[in-house]
Amino acid sequence: MNNANLLFDNRFVTALPGDAETGPRRREVLGAAWSQVTPTPVAAPVLLAHSPEVAALLGFDEAMLRSPEFAEVFGGNALYEGMRPWAANYGGHQFGHWAGQLGDGRAISLGELIADGRRWELQLKGAGPTPYSRGADGRAVLRSSIREFLCSEAMHHLGVPTTRALSLVATGEAVVRDMFYDGHPQAEPGAVVCRVAPSFIRFGTFELPASRGDVALLRQLAEFCIARDFPELAAAGEQRFVQWFELICTRTAVMVAHWLRVGFVHGVMNTDNMSVLGLTIDYGPYGWVENYDPEWTPNTTDAQGRRYRFGTQMQVAYWNLVRLAQALSPLFEDAAPLQAGLDAFRERFAVEERAALVAKLGLGEFRDGDELLMEQFRELLHEGEMDMTLAFRALAEVDPAAPAVAPLEEAFYSPGKREQVLPALQDWLQRYGQRVLAAGQSVAARRRAMQAANPRYVLRNWLAQEAIDRAEQGDFAGITDLLEVMRHPYDDQPGREAYARKRPEWARERAGCSMLSCSS
């Protein structure tokens, strides 16, 4: 399909070795970074929603978005001229265990689009089987596609490093899924999301050839990644691998610190779900902490072990980086530079965590004792069953000269828990008020800093589920309404207060609101 406005430079498939066999037959793929595969056509592709910011970034105007051709291409039925679809080959550690070859099982990259001098890989999720589908159909259901589309954009507007989403397309076909893994599969509406990122290279991209002893491919992948995705290292010479690994580590630290700042839980931090660019990638059973609980995970698969719970995400990221360091070790003469990169992760995370602490509490600058102040507040949030987002946002309204609990009242889920922590919370607020007054900031400056760090709106699971419920009944307005709110998460939006409420009681245990499976 011709479109003269789009320029594709598909360097991943032109510069890296590909699979000799084409097509979606399931197979082990050796000595190759990718396999040629074409999206499987669908019955009736219809554009349900798009991100205006991503469309502008890529050069898609309103006429292109509304054209029948756009839905055909991004539903998987056609290709623009210059596209050359592929599925990437990679491995990974899943829940702490090596899983071998994994690859893009339901994602197909259409090509690398050059727009305004920047490179963007366009990838369809749910576009049909690939050699890496491992017996699955390569499709995605509407509910998980809505969640991925919305969260990709919500995270961007929160200031969290993330992949993006261009479009959400209904396929007009049913997909059979066992949502609860309980032997009761059901037919659900299908959809395709177009994900967008400068690169979808993962930790597992390097782990797979390393596990096979294919050092030549490992080196080729590393050289390619540095040249294409880290051009700032072009002049680094022999130090390029060292600086590259350190950048991966520090970017990962920044990303995870932002997750913790806004209360996000990824849910599946396997090494194949970790981007070397430090972008949040693969939105499956994610969630936002509502009543503050560092032990909470949104992933039903992880309900027993809770490996990927909110409070351990920093430690898991470090563990994953150690696995990446082990994979890259054949490229290094000794382990010292790799250890230095891992140390840089810890150092950068500490810096980012401290900056978030200062901003979230409105303290102006860090002083001794501030970490304890934050730790005590989080303990009160946990013990008092308080909503994390609402509580931190409300702190901006506390008068430091006469601190009172009143601004925080809406954050409590349990009257009984409120009564239990009330004396300790009042004591904490007194000490907090004294610390704020000591900072010497103006009221306006403090409020601005706190509101810029503490969102008013986050993509709570129950909000997404309400949009999903409407969409499954044929009403897609809930998707665009929710997207519009999430485009301005730090602003008070008159008339949209309902999107900033704490979790309603009906959503406490409901599937899709409390916990989610990997089923999509």
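State yes or no: is residue 441 among the polar types (S, T, N, Q), touching a residue at least 40 places away in the same chain (Cβ under 8 Å) and out of contact with any Phe, Trp or Tyr (no Cβ under 9 Å at 6 or more places or on another chain)? Yes: the conditions hold for residue 441. Checking the structure you have, find out if any residue of segment 329-348 is under 23 Å from residue 452 (Cα atoms) and not aromatic (Phe, Trp, Tyr). There is at least one residue in segment 329-348 that is under 23 Å from residue 452 (Cα atoms) and not aromatic (Phe, Trp, Tyr). Scanning segment 208-220 turns up at least one residue that is closer than 17 Å to residue 274 by Cα, surrounded by 24 or more Cβ atoms within 10 Å (Cβ to Cβ) and either of a type outside the set (A, V, I, L, M, F, W, C) or over 21 Å from the mean Cα position of the chain (by Cα) (or both). Against the criterion of being surrounded by 16 or more Cβ atoms within 10 Å (Cβ to Cβ) and among the basic types (Lys, Arg), residue 470 qualifies. For segment 331-346, filtering for residues that are in contact (Cβ under 8 Å) with a residue 24 or more places away in the chain and surrounded by fewer than 17 Cβ atoms within 10 Å (Cβ to Cβ) leaves 3. Helices (runs of 4 or more DSSP H) fully within segment 295-398 that include at least 3 residues being within 19 Å of the chain's Cα centre (by Cα) and on the phi < 0 side of the Ramachandran plot: 313-328, 336-361. In segment 221-248, the residue that is surrounded by the most Cβ atoms within 10 Å (Cβ to Cβ) out of those that are among the aromatic types (Phe, Trp, Tyr) and touching a residue at least 24 places away in the same chain (Cβ under 8 Å) is 245. Considering the conditions (1) farther than 27 Å from residue 457 by Cβ; (2) surrounded by fewer than 23 Cβ atoms within 10 Å (Cβ to Cβ); (3) small (Gly, Ala, Ser); (4) assigned by TED's automatic domain parsing to the domain that holds residue 52, residue 190 is excluded by exactly one of them, (2).
Residue 422 passes every criterion in (1) in contact with a helix residue (DSSP H, G or I) (Cβ under 9 Å, 6 or more places away or on another chain); (2) more than 30 Å from residue 176 (Cβ to Cβ) apart from (1).
Within this structure, residue 226 passes the test of being modelled with pLDDT of 95 or more and touching a Phe, Trp or Tyr at 6+ places or on another chain (Cβ under 6 Å). Checking every residue in segment 453-466 against the condition of being of a type in the set (Lys, Arg), more than 15 Å from residue 392 (Cβ to Cβ) and surrounded by 15 or more Cβ atoms within 10 Å (Cβ to Cβ) gives zero matches. Annotation: of all residues in segment 116-136 being of a type in the set (Gly, Ala, Ser) and touching a residue at least 60 places away in the same chain (Cβ under 8 Å), the one that is surrounded by the most Cβ atoms within 10 Å (Cβ to Cβ) is 127. With respect to the conditions (1) within 29 Å of residue 448 (Cα to Cα); (2) of a type outside the set (Asp, Glu); (3) touching a Lys or Arg at 6+ places or on another chain (Cβ under 9 Å), residue 495 falls short on a single one, namely (3).
The set of residues in segment 123-165 being touching an Asp or Glu at 6+ places or on another chain (Cβ under 8 Å), in a strand (DSSP E or B) and among the hydrophobic types (A, V, I, L, M, F, W, C) consists of 141, 165. Among the residues of segment 307-321, those that are in contact with a helix residue (DSSP H, G or I) (Cβ under 7 Å, 6 or more places away or on another chain) and either within 16 Å of residue 251 (Cβ to Cβ) or polar (S, T, N, Q) (or both) comprise 313, 314, 317, 318, 320, 321. Scanning for something touching a helix residue (DSSP H, G or I) at 6+ places or on another chain (Cβ under 7 Å) and touching a residue at least 60 places away in the same chain (Cβ under 8 Å), does segment 103-110 turn up at least one residue? Looking for residues that are touching a helix residue (DSSP H, G or I) at 6+ places or on another chain (Cβ under 7 Å) and touching a residue at least 60 places away in the same chain (Cβ under 8 Å), one finds none in segment 103-110, hence no.
Given the criteria in contact with a Phe, Trp or Tyr (Cβ under 6 Å, 6 or more places away or on another chain) and either acidic (Asp, Glu) or at pLDDT 95 or above (or both), does residue 322 qualify? Criteria not met by residue 322. What's the total number of residues in segment 477-516 that are modelled with pLDDT of 95 or more, not acidic (Asp, Glu) and not in a loop (DSSP other than H, G, I, E, B)? Number satisfying all stated conditions: 11. If you check 289, 265, 276 for being out of contact with any Pro (no Cβ under 6 Å at 6 or more places or on another chain), over 22 Å from residue 209 (Cα atoms) and either of a type in the set (A, V, I, L, M, F, W, C) or buried (at least 20 other Cβ atoms within 10 Å of the Cβ) (or both), only one passes: 289.
Scanning segment 421-436 for residues that are farther than 13 Å from residue 361 by Cβ and either surrounded by fewer than 19 Cβ atoms within 10 Å (Cβ to Cβ) or charged (D, E, K, R) (or both) yields 422, 423, 424, 426, 427, 430. Looking at segment 59-82, can you tell me whether even one residue there is closer than 23 Å to residue 141 by Cβ, within 24 Å of the chain's Cα centre (by Cα), polar (S, T, N, Q) and modelled with pLDDT of 95 or more? Among the residues of segment 59-82, not one is closer than 23 Å to residue 141 by Cβ, within 24 Å of the chain's Cα centre (by Cα), polar (S, T, N, Q) and modelled with pLDDT of 95 or more, which makes the answer no.
The values are calculated or read from the model by the stated rules, or taken from the named source; none is laboratory data. Just so you know, these numbers come straight off a predicted model, no measurement behind them. Quick reminder, even Gly has a Cβ in these numbers, built from the backbone with ideal geometry, and neighbours come from all protein chains shown.
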